[in-house]
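> This is the structure I have questions about; it appears just below.
Throughout, read-outs are computed from the coordinates displayed, never taken from laboratory work. The model shown is predicted, which means the values in this text are computed figures rather than measured ones. For neighbour counting, all protein chains shown are included, and Cβ atoms are generated from backbone atoms with ideal geometry for every residue, glycine included.
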Amino acid sequence: MRKYFQVNGFITLILFTSFQSNAQVKISNSSGTVNSESILQLENSSNNKGFLLTRIALQSTTLAAPMSAHVAGMIVYNTATAGTAPNNVTPGMYYNTGSGWVKLSAKTPKAGDIKNGFQAADHNGWYLLNGRAISTLSTNARARATALGFTTNLPDATDRFLKNTGGTDNLAAVSGSDTFTLIQANLPNVTFIGTTNTTGNHTHTYTDNPLNSTTNGVVSGTNNPISDTSSVNDTTSTDGNHTHSLSFTLGSSQPVSMQPNNIITNVFIYLGN
C-alpha cells in the first residue's frame with residue numbers, strides 16, 4: 001500500500017509492505033523511482049536543500065546523555081562544548097560505537113604544514129621543498145610562502161632531516177652535518193700499559209788505562225785515568241735503572257657517519273592552490 005503526504009512543500013512517498021522486508025521510503029518534492037538499494041531516500045529537485053541531523057548537547061564522549069543509553073550506529077550533531085579531556089566534546093558530528101561517542105572529522109591542511117611523501121612533484125597544493133625561488137610559484141602560493149617568512153627561496157630539504165626548534169635557532173635554517181670527527185678529548189679515559197723488550201738488559205765493553213794513542217781516543221803525551229797498572233778490557237755492570245719513551249699512534253681522523261638506516265621520501269610544504 002502506498003501513501004503520499006504533503007509536508008512543508010515535500011511529497012512523502014512511503015511504501016508499506018506487510019510481508020516484505022525490503023520496502024523503501026522516499027522523501028522528495030518530485031515523483032520518480034526509489035533506489036532499490038536504499039531504505040530511506042531523500043531527494044530535492046532544485047538541489048538547494050540539505051539533510052539536518054538531530055541536534056543535541058552531549059556531555060562527554062563516555063556518557064550517553066542526553067540519550068538514555070549508547071546505541072551503536074547512532075549519529076547526531078553535538079552543539080555543546082563540555083566534559084574534561086580526553087573525554088571532552090566540541091560542536092560537530094558524532095557517531096556512537098555502542099559504548100561511547102566518536103567525533104567525525106577530516107583534517108584539512110593549512111599553509112605551512114609539512115609532510116613526507118613518495119610523490120615526485122607538486123600536487124594538490126603541496127609543494128616540493130627543493131630550494132626553488134619563491135618567484136617561480138603561483139600567485140597564491142607565493143603570497144602564502146611570503147606570509148610564512150620565505151622571502152627569496154623555499155628551504156631545500158634534500159638529504160636533510162627535520163628538527164624541532166630549540167627556541168634559539170631560526171625556523172627553516174639549514175644546519176648540521178651527517179659526519180663528525182673525534183678529537184683526543186672525546187676519547188675514553190684509558191691508561192695504556194706496556195713493557196720494553198727483555199733483550200734490553202745489556203753490557204758495554206770499554207778499555208781501562210788505554211795506551212796513549214789517537215786510536216784509543218787519547219792524544220799522545222796526555223795523562224790518562226789509571227785504575228790499574230796495565231791496559232785491560234772490561235765491561236760495565238748489567239745493573240742500572242732506566243726508562244724508555246713509548247709513542248702510540250691511534251687512528252687517522254677518519255670522519256664517523258651519523259646517518260642511520262632510512263627510507264627515502266620527498267618533503268612537501270602546503271601552500272594551497
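> Calculate the spin-label point distance for residue 85 paired with residue 177, positioning each point 7 Å from the Cα along the beta-carbon direction, and give it in nanometres.
If labels sit at residue 177 and residue 85, their model points lie 4.1 nm apart.
> So if each residue of separation counts as 0.36 nm, and I subtract the Cα-Cα distance between residue 116 and residue 77, what length gain in nm does that give?
This chain segment gains 10.6 nm when fully extended.
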